[in-house]
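These notes concern the structure reproduced below.
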Amino acid sequence: MDLLRIFMSEQSPSFVFLVKPTHFGFNPETASSNSFQQQLEMEDHHQVMQEFSQVLEILRRENIAYLVFDSVPEKITPDAVFPNNWICIQPDETLVLFPMLTPNRRAERNMQVVEELRKKFEITTIIDLSPAEENNIALEGTGSIVFDHVHHKAYACISPRTNEKLVRELCHRIDYTPIVFEALGPKAEQVYHTNVVMNIGSGYAFVCLDAISDPLEASMVRKHLEADQIQVIPISIQQMSAFCGNMLEVKNKAGEKCLLLSETALMHLEKNQLAALPADIKCIAFPIPLIEKIGGGSLRCMLAGIHAKPRF
């Protein structure tokens, strides 16, 4: 590994983007591979929009730079509020487009958003993996892969939404080391996305090691993190189910590190777990209970990190 590259890399993006939940609702196409989703008798779209507006207000209040885009207007995309699954922008100025598992999630991919991002940020390379959808192969962005940008490692739990061969192919192209494992939920079902199992911040990682079914794989994940001087903060399967692994560390406009998570996640974390965080990390919680219940994803899924430098 190039030591200069490690020194220059940062884990936290300084910008994020979000997509408005215009068509938000329970998604029957994804329910079979996401046990976190709940179908409610009544879905209050007004409350969903209020939750989204409150997310934006908290980001503004906390001095965190963000962009907001509309979902594709002519298509019904109930999960468009989770854009981190179809796109990511890496620190080396590479933009990656990802293949999605279901048709209405594939419809979220918005080339107008891509063009806007190219205008606003230093993006020099585009890797388009979406043709894999023709063979029903999925790799759903930073849902499927939790990147350690400092040490150039990519953690991925295999599921219908995370194809191991494609993980390895992408890692080869962007020069990251793949760390692949299987994770199971409370009913022994495959966990749909890696970013509910774990997050990686600056020198720490919340990880549900109990969900990693193979003890050798769990040990492998822990050893990789600890070898990179990343403190492992274990969470339980119950905490994982409350989205305690679904967090994103960002830097605000003052350069301060902020750990963004939902109020649900914060309420389920123990004091000793929070105390294990580095002293310079500020936790910021967002109330999004309806988005979590219906969508089966939490705050990290709503935030697409932008690691490239801005042009403005």
Pop a pseudo-label 7 angstrom from the Cα along the beta-carbon direction at both Asp70 and Glu182 and give the gap in nm to one decimal.
4.5
In nm, to one decimal, how far is the modelled label at Ile58 from the one at Lys20, with both set 7 Å along Cα→Cβ?
2.1
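For Asp92 and Ala276, calculate 0.36 nm times their separation in residues minus their Cα-Cα distance, and state this gained length in nm to one decimal.
Details: separation 184, 0.36 × 184 = 66.24 nm, distance 3.04 nm.
Using 0.36 nm per residue and subtracting the Cα-Cα distance, I get 63.2 nm.
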What are the radius of gyration and Dmax of the chain, computed over its Cα atoms and given in Å?
17.7, 55
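With runs of 4+ DSSP H residues as the only contributors, calculate the mean residue ellipticity of the chain at 222 nm using -39,500 (n - 2.57) per run, divided by the residue total and rounded to the nearest 500. Mind showing how you got there, number by number?
On the way: 12 runs with 92 residues, N = 312.
When only DSSP H runs of four or more count, the value is -7500 deg cm²/dmol.
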Three-way shape label, the stretch 70-208, alpha-carbon gyration tensor, a/c 1.5
oblate
Which semi-axis lengths, in whole Å and largest first, follow from the square roots of five times the eigenvalues of the Cα gyration tensor of the stretch 257-312?
22, 20, 7
Expressed in nanometres to one decimal, the distance between label points 7 Å along Cα→Cβ at His45 and Arg173 is 3.6
Looking at the stretch 125-207, send over the antiparallel percent of its DSSP beta bridges, to the nearest 5.
60
Loop only by DSSP, 13 or fewer other Cβ within 10 Å of the Cβ. Give me the trypsin sites (Lys or Arg not before Pro) in the stretch 247-305 that pass, ordered by residue number.
Lys253
Rounded, prolate or oblate: which fits the stretch 174-267, taking a ≥ b ≥ c as square roots of the Cα gyration tensor eigenvalues, rounded meaning a/c under 1.5, else prolate when a/b beats b/c?
oblate
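Taking R0 as 30 Å, what's the FRET efficiency between Met267 and Glu134 from their Cβ-Cβ distance, rounded to 0.05? Before the final figure, lay out the partial values.
Numbers: r = 43 Å, r/R0 = 1.42.
Once rounded, the FRET efficiency stands at 0.10.
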Place the peptides 134-142, 147-155 in order of packing, highest mean first, counting for every residue the other Cβ atoms within 10 Å and averaging per peptide.
147-155, 134-142
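Fewest first, what order do Cys88, Cys244 take by the number of other Cβ atoms within 10 Å?
Values: Cys88 23, Cys244 28.
Ascending number of Cβ neighbours within 10 Å: Cys88, Cys244.
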Report, as a whole number in µm² per second, the diffusion coefficient that Stokes-Einstein gives for the stretch 232-274 at 10 °C and 1.306 mPa s using the Kirkwood radius over alpha carbon pairs.
143
Kindly flag which residue pairs out of Lys20/Lys223; Lys257/Lys309; Lys120/Lys153; Lys20/Lys257; Lys223/Lys251; Lys119/Lys257 have an alpha-carbon separation exceeding 29 Å in this structure.
Lys20/Lys223
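Please figure out what share of the DSSP beta bridges in the chain is antiparallel and state it in percent, rounded to the nearest 5. Walk me through the numbers on the way to the answer.
On the way: 20 of 45 bridges.
Counting only bridges with both partners in the chain, antiparallel ones make up about 45 percent.
Coordinate-derived values only; no laboratory data. Quantities reported herein were computed from a predicted structural model and do not represent experimental measurements. Don't worry about glycine lacking a Cβ; one is built from the backbone with ideal geometry, like all the others, and counts go over all protein chains shown.
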